[in-house]
1. Compute, for Arg169, the solvent-accessible surface of its heavy atoms (probe 1.4 Å) with the complete set of protein chains present, and express it in square angstrom to the nearest 10.
2. Can you sort Val184, Val154, Val140 by solvent-accessible area, 1.4 Å probe, largest first?
3. Name the residue, out of Ala116, Ala96, Ala130, whose mean-square fluctuation peaks in a Gaussian network model built on the chain with Cα pairs under 10 Å.
4. Compute for the stretch 3-208: radius of gyration divided by Kirkwood radius, i.e. Rg/Rh, restricted to C-alpha atoms, rounded to two decimals.
5. In what order, largest first, do Trp186, Trp204 sit by accessible area if the probe radius is 1.4 Å?
6. From the phi of every residue in the stretch 39-44, what ³J(HN,Hα) in whole Hz does the Karplus formula 6.51 cos²θ - 1.76 cosθ + 1.60 yield, where θ is phi - 60° and glycine or proline is x?
7. In nm, give the distance between the simple-model label positions of Val184 and Glu71, each being 7 Å from the Cα along the Cα-to-Cβ direction.
8. In whole percent, how big is the carbon plus sulfur part of the accessible area of the stretch 1-100, probe 1.4 Å, protein atoms only?
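The values are calculated or read from the model by the stated rules, or taken from the named source; none is laboratory data. What you see is a predicted model, and the numbers here were worked out from it, not measured in a lab. All Cβ positions, glycine included, derive from the backbone under ideal geometry; neighbour counts span all protein chains shown. Calculation scope for accessible area: heavy atoms of the full protein, side chains included, ligands and nucleic acids excluded. Shrake-Rupley method; radii C 1.70, N 1.55, O 1.52, S 1.80 Å.
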Amino acid sequence: MSEGSLTFIHQHVPGKGKAAKTTLLMLHGTGGNENDLLDLGRTLLPGATMLSPRGKVLENGMPRFFRRLAEGVFDVDDLQRRTYELADFVRDACEAYSLDAHQMVAVGYSNGANIAASTLLLRPEALDAAILFRPMVPFVPDQLPDLSEKRILVAAGRHDPVANPAETRHLMELFSTAGAAVQVHWHDGGHELGDEDISAAQNWLSTIAGTVDPKRRDR
Ligand code: MLT
């Protein structure tokens, strides 16, 4: 698979030093693009490799990762189809850029967090871990996958009108029931990110990123 045949417009930022082993899959929110979250990625884990695709759906000119029927009402068929497409892109990009497929950490905000959550439910092999900023429940699968190897941080806003706290708890329950190690960081604000969200994600990432093998941490 060559870089030219990858099916999403994207940024690939090569990493530096020890952190380069980890790839941050940066997934923007509605109206964002492949450049939006690169500074966030550099802040979260300096030196990490970054892969940042642009969502292919346009809603009034604003890129998204899947269609919605109304605010908070998802077109689940489209979401699922596009989840497979994104997971295939991640697999192909690992080959094209020689990335370690077992050090792939999704960092998604809002619509990007929702497709990351959907990827964990439908194509869990595509991700090793995920930071989900302001996610919702993308859909409830008939059968939960085995997520016992996955580590997930959910950063939620106590006053978020879009991804409300009940939604956050439901998503955490799904992930926990599937066996994932899930942590939540509650921010005292709404849908926008605050500085505390960033520090919580930095701290969490420093415990799981390529520099630390989680299976050896306790030995
Ligand atoms: C979505 O459509 O994924 C959520 O409503 C978040 C957003 O506004 O993008």
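1. Around 140 Å² of this residue is reachable by solvent.
2. Val140, Val184, Val154
3. Maximum fluctuation in the GNM of the chain, among the listed residues, is at Ala96.
4. Reported Rg/Rh, Kirkwood definition of Rh: 0.93.
5. Trp186, Trp204
6. With coefficients 6.51, -1.76 and 1.60, one gets 5, 4, x, 5, 6, 5 Hz.
7. Roughly 2.3 nm, to one decimal.
8. Within the stretch 1-100, the accessible surface is 48 percent carbon and sulfur.
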